Amino acid sequence: MNAGSLQPRRFGTVNWMGLYTLTRREALRGLQDYNYQILGPVVSCLLYLGVFHLALRTTGGMASNASLLDFIAPGLIIFVACEKAFECACGSFIFDKHERVMADLLMAPLNAAERVCGYLGGASAAGMGVGAVVALATLLFADLSLFNLPALLFFALMGTMLHALIGILVGIWAEKWDSFAAVHTFLLLPLSFLSGVFYRVENLPEAAQNLVRLNPVFYIIDGFRFAMTGTGSADPLTGAGVLLAANAILFCIAYRWFRSGYRLKP
């Protein structure tokens, strides 16, 4: 046997092939069962809009109803996309732990940063894909517009990344599906529903507004709505800064956990 064949393979600074493979695996994993992964979020979003449409018909004119639905729709789109990113990232880890294949994945020639980027990229791509389908479905009730495409892509990416990183951390930490459900129910859902998805934050009392502005999810919803409608409750640059800082902190924590093997190595 040629002695050269026994040398470890060199990938360079970044193992692009391995990174692409992991990202593709996670993205397809989050979209492969379209009945649940795609159709479910679409139906949920349409139910929200349908209920609001029916409820508002008896409380105002059609013009005011349309205006409110146009306001709600962008928040619902990014809300669903972020939910999918969290679910995809977190569920992947818990499933692999239960199937006892996590050790095999850790043997892949990827460093800690590449692993975080792979899981993060796959979950974010799945979330944005579902968000795009939901956006098309909301056209049945709302008149969507586009004010700033770069801002739209930025806040969609930052939002799905934030939830994907939370999903990675929860997935690494959790041992049971109960932990996934608890974090989703008692942390992410309250943060999302109290972030201005269904109401204008500037109409709240000042004390409530100050509390809402401590919620990073608010800046996702508000920034995405600004990108679509041109109006928002906060400065988009402030929101961008908050989300960049939050994602950087979560990425560093995930990197440390992967590098140390926290709750991953047997």
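The values are calculated or read from the model by the stated rules, or taken from the named source; none is laboratory data. Being a predicted model, the structure only gives us computed values, none of them experimental. Here Cβ is always computed from backbone atoms with ideal geometry, including for glycine, and neighbour counts include all displayed protein chains.
With the requirement that a residue be modelled with pLDDT of 80 or more and over 20 Å from the mean Cα position of the chain (by Cα), what does the stretch 9-51 give you?
Residues satisfying the conditions are 13, 14, 15, 16, 17, 18, 21, 47, 49, 50, 51.
Please work out if residue 180 is over 19 Å from residue 96 (Cα atoms) and of a type outside the set (Gly, Ala, Ser). Steps first, answer last, please.
On the way: over 19 Å from residue 96 (Cα atoms): no; of a type outside the set (Gly, Ala, Ser): yes.
Against the criterion (over 19 Å from residue 96 (Cα atoms) and of a type outside the set (Gly, Ala, Ser)), residue 180 does not qualify.
Table: residues versus (1) farther than 23 Å from residue 120 by Cα; (2) surrounded by fewer than 19 Cβ atoms within 10 Å (Cβ to Cβ); (3) modelled with pLDDT under 90.
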residue	(1), (2), (3)
214	yes, yes, no
220	no, no, no
243	no, no, no
249	no, yes, no
252	no, yes, no
255	no, yes, no
258	no, no, no
264	no, yes, yes
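For residue 74, all conditions in the list (1) more than 25 Å from residue 91 (Cα to Cα); (2) at pLDDT below 80; (3) in contact with a helix residue (DSSP H, G or I) (Cβ under 6 Å, 6 or more places away or on another chain) hold save one; what is the number of the exception?
Looking at each condition in turn, residue 74 falls short on (2).
Condition first: surrounded by fewer than 22 Cβ atoms within 10 Å (Cβ to Cβ) and part of a loop (DSSP other than H, G, I, E, B). Can you find one or more residues in the stretch 113-132 that meet it?
no
What do you reckon, is residue 165 buried (at least 22 other Cβ atoms within 10 Å of the Cβ), in contact (Cβ under 8 Å) with a residue 12 or more places away in the chain and of a type in the set (A, V, I, L, M)?
yes
So residue 108 passes all but one of these: (1) within 23 Å of residue 253 (Cβ to Cβ); (2) among the hydrophobic types (A, V, I, L, M, F, W, C); (3) assigned to a helix (DSSP H, G or I). Which condition number does it fail?
Among (1) within 23 Å of residue 253 (Cβ to Cβ); (2) among the hydrophobic types (A, V, I, L, M, F, W, C); (3) assigned to a helix (DSSP H, G or I), residue 108 violates only (3).
Going residue by residue through the stretch 147-154, is there one that turns out to be assigned to a loop (DSSP other than H, G, I, E, B), surrounded by fewer than 18 Cβ atoms within 10 Å (Cβ to Cβ) and at pLDDT 90 or above?
Within the stretch 147-154, one or more residues are assigned to a loop (DSSP other than H, G, I, E, B), surrounded by fewer than 18 Cβ atoms within 10 Å (Cβ to Cβ) and at pLDDT 90 or above.
Going by the conditions given, is residue 231 in contact with a Phe, Trp or Tyr (Cβ under 8 Å, 6 or more places away or on another chain), within 30 Å of residue 143 (Cα to Cα), free of Cβ contacts under 8 Å to residues at least 24 places away in the same chain and surrounded by fewer than 17 Cβ atoms within 10 Å (Cβ to Cβ)?
On the way: in contact with a Phe, Trp or Tyr (Cβ under 8 Å, 6 or more places away or on another chain): no; within 30 Å of residue 143 (Cα to Cα): yes; free of Cβ contacts under 8 Å to residues at least 24 places away in the same chain: yes; surrounded by fewer than 17 Cβ atoms within 10 Å (Cβ to Cβ): yes.
The answer is no for residue 231.
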